[in-house]
Amino acid sequence: MKKTSLNDIALRLGVSRTLVSLVLNGKGREHRISEAVCKKVIAAAKEMNYQPNQIAKGLRTGKTNTIGLIIADIANPFFGKLGREIENEAAEYGYRIIFCSSDEKFEKSDQQIKMLLQGQVDGLIISPPAGSEAQIRELEKRRMPYVLIDRYFPEIDSDYVGIDNFIAAYEATKYLINSGYKKIACITINNELVNMKQRLEGYKKAITDSELEVDEQLIKILPFSHEKDDFELAIRELTVSGDMKADSVFFTTSKAGIIGLECLYSLHLSIPDDIAVISFDDPDAYRISNPPITAVAQPLKEIGSGSVHLLLKKMNGGNYKSAEKVILKGDLHVRKSV
């Protein structure tokens, strides 16, 4: 089906292409085009389903009202929900979102950033994979507005929105300790990422502050690939091996938690009778699980709106020399898995 052009609208109305262009770009009044003609042009454009060429418009105006969003893993419920919040907030200000998922691969993230820049996006919101520091520095060199979410690089002073991962993990582990558990396992992913490091550090600090010893054998750092076999082996080692047997487990991501729960059930372990469970993030599955899972919920709406607001500030002439960090608080949702 042929796409409607400015010429098509002009031919239908018997006016010039320039007049149609001026009206649809909001410049009818300043060029003394009558309101009646403006209404006819807008009505015809709607009727003919005219869609402006955003790239061509961007070349003319330097602005496309488009934001590029690179998330870490679209299959992770946390990122799926966060992406929706960012999209909803951006729409309130007349911006559309182009979604990309890096799958935690810095090579893929690099390709996506280049593609989005070629598409003339006005700014970027990024959950950066490990090893992508050079990509962020390049954005700064080009003075491209961007905001990081969920994780950041300590050595780069970037605009960032996320939660206090250390405190959230500390409070989750403390809750297990205060509930009487002493052998608390931690199953985490890709310890190169700063947010994963902070969650592991929070877990360890809660244990030492409670005058317990950190047992490194109870800590499992698994690959990002989230292979079920890796989780099953880790959980077997944590629950079946004599003196090392864990009485509870803290999963540092919801994707890890969901796979971990599947493995616990396949080993016929009862929650919380055989082992208690707390997980980071709070997908819908946790509320309807049997039993419902205690979880650290991140304020997705606030992260989404905060990242859009910071980016808009940057795109509208914000100071490139001073970065702003918005640190939010996680919320422990207590349920029957502990």
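Nothing in this text is a laboratory measurement; each read-out follows from the coordinates by a stated rule. These numbers come from a predicted model, not from an experiment. Please note: Cβ atoms are built from the backbone with ideal geometry, for glycine as well, and neighbour counts cover all protein chains shown.
Provide the descending list of Cα extents for the stretch 181-338 along its principal axes, expressed in whole angstroms.
So the three principal-axis extents are 61, 33, 30 Å.
Under a straight-distance cross-link criterion of Cα-Cα below 17 Å, which aspartates and glutamates are reachable from Lys105, leaving out those fewer than 8 residues away in the same chain?
Asp73, Glu133, Asp150, Glu192, Glu227
What lysines sit close enough to Lys39 to cross-link, taking a C-alpha to C-alpha distance under 17 Å and skipping anything fewer than 8 places away on the same chain?
Lys27
For a quick check: with amide H placed at 1.01 Å from N, whose amide H comes under 5 Å from Leu148's, ignoring anything fewer than 5 positions away on the same chain?
Ile126, Asp159, Tyr160, Val161
Rounded to the nearest 10 degrees, what's the angle between the helix 165-178 long axis and the longest principal axis of the chain, both from Cα atoms, 0 to 90?
30 degrees
Are any of the pairs Lys174/Lys197; Lys108/Lys314; Lys3/Lys40; Lys141/Lys301; Lys183/Lys204; Lys174/Lys245 more than 23 Å apart by Cα-Cα distance, and if so, which?
On the way: Lys174/Lys197 18 Å; Lys108/Lys314 25 Å; Lys3/Lys40 20 Å; Lys141/Lys301 30 Å; Lys183/Lys204 12 Å; Lys174/Lys245 19 Å.
Table pairs above 23 Å Cα-Cα are Lys108/Lys314; Lys141/Lys301.
Kindly express, to the nearest 10 degrees and within the range 0 to 90, the angle between helix 300-315's C-alpha long axis and the longest C-alpha principal axis of the chain.
40 degrees
The list (i) 1.41; (ii) 1.18; (iii) 1.25 gives values of Cα Rg over 2.2 N^0.38 Å, and only one came from this structure; which label was calculated from it?
Correct label, based on the coordinates given: (iii).
For a quick check: with amide H placed at 1.01 Å from N, whose amide H comes under 5 Å from Ser337's, ignoring anything fewer than 5 positions away on the same chain?
Those qualifying (amide H under 5 Å, at least 5 residues apart or on another chain) are Thr294.
Most exposed first by the Cβ proxy, i.e. fewest other Cβ within 10 Å, how do Tyr160, Tyr152 rank? Please list the in-between numbers first.
Numbers: Tyr160 21, Tyr152 24.
Ranking Tyr160, Tyr152 by Cβ neighbours within 10 Å, fewest first, gives Tyr160, Tyr152.
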